[in-house]
Amino acid sequence: MAARTKARKRALDLLFEAEQRGVDATDLLRERLAAPVTEAPLSEFTADLVSGVVEHWSQVDELITTYSHGWTLKRMPAVDRAILRLGAYEVLFSRDVPEPVAISEWVALATELSTDDSPRFVNGLLARLAEVKPTLA
């Protein structure tokens with residue numbers, strides 16, 4: 001698994017864990033940076049993804065809700081919410097990775113970790129966000 005793919009998976013794990021435990025994602029990130037629970041410490045890319053999502057949380061959730069057509073955030077599987085938040089952040093705000101590459105990475109994680117319908121849903125929603133990105137100010 002490529003380094004950035006691992007970093008995305010670890011960011012996903014952090015957001016998912018924070019939601020499941022009902023703790024702030026920033027606090028959990030700080031805790032894991034200070035005292036890693038795995039052999040390898042969190043990468044800078046992982047920290048940037050989690051911090052970026054938290055910084056743009058309201059806007060990301062609003063856009064996911066707007067373009068998910070009939071799916072509220074609460075109705076989505078928790079892992080899909082985390083994938084979509086991270087994917088939306090990366091597509092809309094990150095300049096590190098081309099949008100199609102970011103979408104492909106998040107779809108791959110949805111394929112690996114979520115329901116049979118999730119990859120298509122994640123792909124469609126993130127592609128739509130990439131399409132409307134120029135109109136968002």
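For the reader, a short list of remarks on this structure follows.
- Evaluated with a Cβ-only charge set (Lys, Arg +1; Asp, Glu -1), the chain carries a dipole of roughly 140 debye about its Cα centre, given to the nearest 20.
- Cα long-axis angle, helix 25-34 against the chain (0 to 90 degrees, to the nearest 10): 30
- Solvent-accessible area per residue, Å², over region 83-130 with all protein chains present [probe radius 1.4 Å]: 44
- Loop-exposed chymotrypsin sites (Phe, Trp or Tyr not before Pro) per DSSP, neighbour cap 16 Cβ within 10 angstrom, longest uninterrupted part of the chain: 1-70
- Rolling a 1.4 Å probe over the protein chains gives residue 56 an accessible area of about 40 Å².
- Rounded to 10°, Cα long-axis angle of helix 118-132 versus longest principal axis of the chain: 70
- Prolate/oblate/rounded label for region 92-137 (Cα gyration tensor, a/c 1.5): oblate
- Heavy-atom accessible surface of the chain: percent carbon and sulfur, 1.4 Å: 53
- Radius ratio Rg over Rh of the chain, counting only Cα atoms, Kirkwood formula for Rh: 0.94
The values are calculated or read from the model by the stated rules, or taken from the named source; none is laboratory data. Because the structure is a prediction, the values reported are computed rather than measured. Cβ coordinates were reconstructed from backbone atoms using ideal geometry, including for glycine residues, and neighbour counts include every protein chain displayed. These area figures cover heavy atoms from the full protein model, side chains too; ligands, DNA and RNA do not enter into them. Shrake-Rupley method; radii C 1.70, N 1.55, O 1.52, S 1.80 Å.
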